[in-house]
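The block underneath contains the structure these notes are about, expressed in structure tokens.
The values are calculated or read from the model by the stated rules, or taken from the named source; none is laboratory data. Given the structure is predicted, the values throughout are model-derived calculations rather than measurements. When we count neighbours, we look across all protein chains shown, and the Cβ atoms used for this are built from the backbone with ideal geometry, even at glycine. Side chains are part of the model used for accessible areas, which takes the heavy atoms of the whole protein and leaves out ligands, DNA and RNA. Shrake-Rupley method; radii C 1.70, N 1.55, O 1.52, S 1.80 Å.
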Amino acid sequence: MKQISNDVFPKISTGIDGLDEVTGGGFPKDRPTIVCGSAGCGKTLFGIQFLAKGISEHNEPGVFMSFEESKTDLAQNVRSLGIDLEKLIADKKLRIDHVQFERSEIEETGEYDLEALFIRLNHAIESIGAKRVVLDTIESLFGGIDNAAVLRSEIRRLFRWLKEKGVTAVITGERGDKTLTRQGLEEYVSDCVILLDFRVIDQIATRRLRIVKYRGSTHGTNEYPFLIDENGISVLPITSLKLDHKIYKQIISTGLAEIDGLFSKAGVYKGSSILVTGSAGTAKTILASYFTQESCRRNEQTLYFAFEESPEQLVRNVQSVGINLNPFVRSKKLIIHSSRPSLQGLEMHLLILYKMIEQYKPQTVIVDPISSLISIGTAGEVRDMLVRLIDLLKIKGINAFFTSLTHEEGLDQKDQTVNAISSLADTWIDLGNIKQDNQRVRNFRVVKSRGMGHETETRQFIITDKGIKLLGTKENSENNKKSK
Amino acid sequence: MPKEDKYELRLYVAGQTPKSITALKNITKYCKEHLEGKYSIEVIDLLKNPQLAEGDQIFAIPTLVRKVPEPIRKIIGDLSNEERVLVGLNIRPIPKNNR
């Protein structure tokens with residue numbers, strides 16, 4: 001009956017974005033998988049999504065046996081994620097059986113087994129031809145029954161039964177003190193164990209997923225951040241750091257002819273990354289907006305992640321220097337996504353970035369400022385995350401433009417994270433704001449630009465209502481002073 | 001007979017297993033002794049009617065359910081301990097010497 005292939009372990013899609021990549025194809029087919037984690041880590045949703053996606057994407061009906069929440073509660077909880085359980089039930093694609101037990105109304109005397117539970121489950125499976133089963137959380141039975149020995153042997157029998165039944169099962173378990181699940185269920189299911197973690201670091205909640213065990217299969221061993229949003233759970237698969245991305249020879253404009261002129265190729269390479277550093281008020285966002293405008297003019301889908309301003313505010317502010325982004329926002333060429341850096345953990349931001357990149361498939365991405373992300377994580381992990389983001393953009397050949405806020409002291413004082421990004425950036429522009437003759441003078445310096453020559457002199461510039469204007473080289477600025 | 005004196009019991013089994021047979025034997029015996037004339041026992045075989053398990057929230061076999069009088073009480077197991085069953089069903093035992 002079952003197909004036996006010599007080298008490929010049969011797997012089944014998990015229905016969770018990114019998890020199939022991490023597990024090399026999904027859960028082991030027709031076997032139970034344990035998903036464990038502490039309260040509130042998203043176990044139940046994990047199970048529901050596994051079933052809902054199984055129905056919508058693979059037309060595989062599913063049974064959800066709930067030992068905790070009622071049908072109504074479950075339906076309510078996932079409605080906001082766009083999953084309509086009532087409809088799935090009405091369509092005979094899903095069955096929810098809520099196993100309720102009231103400790104106070106149950107008495108035990110003599111021998112018994114849990115055959116009725118098997119009958120219920122079997123009935124539910126047969127009635128809709130289910131291929132997927134979720135048991136959430138079977139360990140609750142330990143609170144309803146005194147005889148733990150019977151319960152243990154019956155749960156063991158149930159797992160065997162599920163295997164024989166040929167259904168792929170997800171069994172959720174509460175995290176125990178010394179064991180992965182409170183009752184050590186992981187000892188019974190030895191094929192695949194996934195641990196969900198929910199912790200708060202520096203007051204920011206982060207969710208992580210780890211594959212503890214996956215017998216007979218290779219799998220990622222890292223902790224992967226995951227996100228719960230209006231589309232359910234998604235895992236951020238981390239791309240391996242390889243330097244084999246596509247290389248473009250094409251040159252694109254930065255959006256300002258005068259700045260293009262500072263590079264020997266009259267622009268920057270397509271698909272490269274540009275970093276603009278500078279202290280507060282050095283016109284980083286204006287430069288980013290030029291780049292944005294130019295990208296939109298090339299008719300490229302452009303994504304602008306703003307961590308300091310709302311979309312309206314950004315559009316209004318750059319309008320004052322003659323950059324009009326409005327038409328592009330209206331035509332949806334430009335998508336501006338604003339969010340507060342402190343609203344969620346770094347992974348979440350990156351996951352959102354990642355998801356939006358997948359959704360809109362932009363040719364240009366602007367992150368303004370990337371330093372906002374730096375402030376919400378610890379140095380090491382932030383670095384890794386940013387490296388991954390830049391890596392992702394490079395692999396996809398996306399033009400990347402990052403701004404980064406630095407302190408007044410200048411380049412020497414920059415923190416390690418900025419150094420880390422700057423080593424990944426292909427072009428680095430540093431903006432300054434120095435005091436001179438009782439007035440602030442803005443200056444502009446190309447620190448590096450890979451694969452081309454560039455102006456090495458620090459140039460001064462002014463901002464007018466027509467935009468940025470570079471002042472000439474030394475002689476010109478002398479003239480400028482005289483004319484003043 | 002006042003309604004509250006009537007006992008409606010249901011015994012859930014799954015086929016003719018030794019545990020189920022013992023349970024039925026036990027509960028019939030206790031009822032005859034203590035509830036003569038004011039009880040009914042309905043045996044439900046879940047192998048024949050699996051859909052009935054969900055309604056009464058049955059997960060163990062055998063399970064005895066006291067439907068009436070309310071509130072619902074459940075006793076799981078082969079009912080071998082008479083005292084526990086009587087306490088569980090809230091039946092006042094009739095002392096042996098009174099019979």
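The table for this structure:
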item	result
B:Glu82 paired with B:Ser40, simple spin-label distance in nm, labels 7 Å along Cα-to-beta-carbon	2.7 nm
Lys pairs, the range B:3-90 - Cα-Cα below 13 angstrom, 8 or more residues apart or on other chains	4
Rounded percent of accessible protein surface that carbon and sulfur make up, chain A, 1.4 Å probe	47 percent
Solvent-accessible heavy-atom area per residue, rounded to whole Å², over the range A:240-323 at 1.4 Å	42 Å²
Translational diffusion of the protein assembly as shown, µm² s⁻¹ [Kirkwood Rh, Cα pairs; Stokes-Einstein; 10 °C; 1.306 mPa s]	56 µm²/s
Chain A, helix-only ellipticity at 222 nm - DSSP H runs n ≥ 4, -39,500 (n - 2.57), divided by all residues, nearest 500	-9500 deg cm²/dmol
Heavy-atom SASA rank of A:Ser153, A:Ser190 (probe 1.4 Å, accessible area, largest first)	A:Ser153, A:Ser190
Solvent accessible area, Å² - A:Arg182, 1.4 Å probe, full protein context	150 Å²
For the range A:281-379, fraction of C-alpha pairs farther apart than 16 Å, in %	54 percent
Overall Cα dimensions of the range A:11-235, principal axis frame, Å, largest first	50, 42, 36
B:Gln51/A:Lys178 FRET efficiency (R0 45 Å; Cβ-Cβ; nearest 0.05)	0.65
Computed accessible area, A:Arg445, all protein chains, 1.4 angstrom probe, square angstrom	70 Å²
Antiparallel bridges, percent of DSSP beta bridges restricted to the range A:1-153 (to nearest 5)	15 percent
Helix axis angle, A:474-483 relative to chain A longest principal axis, alpha carbon, degrees	70 degrees
Separation of the A:Lys165 and B:Lys67 label points, Cα + 7 Å toward Cβ, nm	2.7 nm
Acute angle (nearest 10 degrees) that the helix A:148-165 long axis makes with the longest principal axis of chain A, alpha-carbon atoms	70 degrees
Rough spin-label spacing in nm, given labels placed 7 Å along Cα→Cβ, for A:Asn326 and A:Lys246	3.5 nm
Förster radius 35 Å - calculated FRET efficiency between A:Glu230 and A:Asn59 (Cβ-Cβ, nearest 0.05)	0.90
Cleavage-rule hits (GluC sites (Glu not before Pro)) in the range B:1-94: DSSP loop, at most 15 neighbouring Cβ within 10 angstrom	B:Glu36
Exposure of A:Tyr248 as accessible area (Å², to 10), given a probe of 1.4 Å and all protein chains	60 Å²
Ranked order, B:Arg66, B:Arg73 - accessible area, probe 1.4 Å, largest first	B:Arg73, B:Arg66
Förster radius 41 Å - calculated FRET efficiency between A:Asn317 and A:Glu358 (Cβ-Cβ, nearest 0.05)	0.90
Chain B, accessible surface, carbon-and-sulfur percent (1.4 angstrom probe)	51 percent
Average Cα contact separation per residue, chain A, under 8 Å, 6 or more apart, as relative contact order %	14 percent
Cα long-axis angle, helix A:379-395 against chain A (0 to 90 degrees, to the nearest 10)	80 degrees
Net charge over other residues, Cβ less than 15 angstrom from the Cβ of A:Val78 (K, R count +1; D, E count -1)	-2
Cα pair distances of the range B:3-90 binned at 10 Å [whole percent]	17, 56, 26, 1
Residue-averaged beta-carbon neighbours from other chains (10 angstrom radius) around B:14-24	2
Most to least accessible of B:Lys74, A:Lys396, A:Lys165 (protein chains only, probe 1.4 Å)	A:Lys396, A:Lys165, B:Lys74
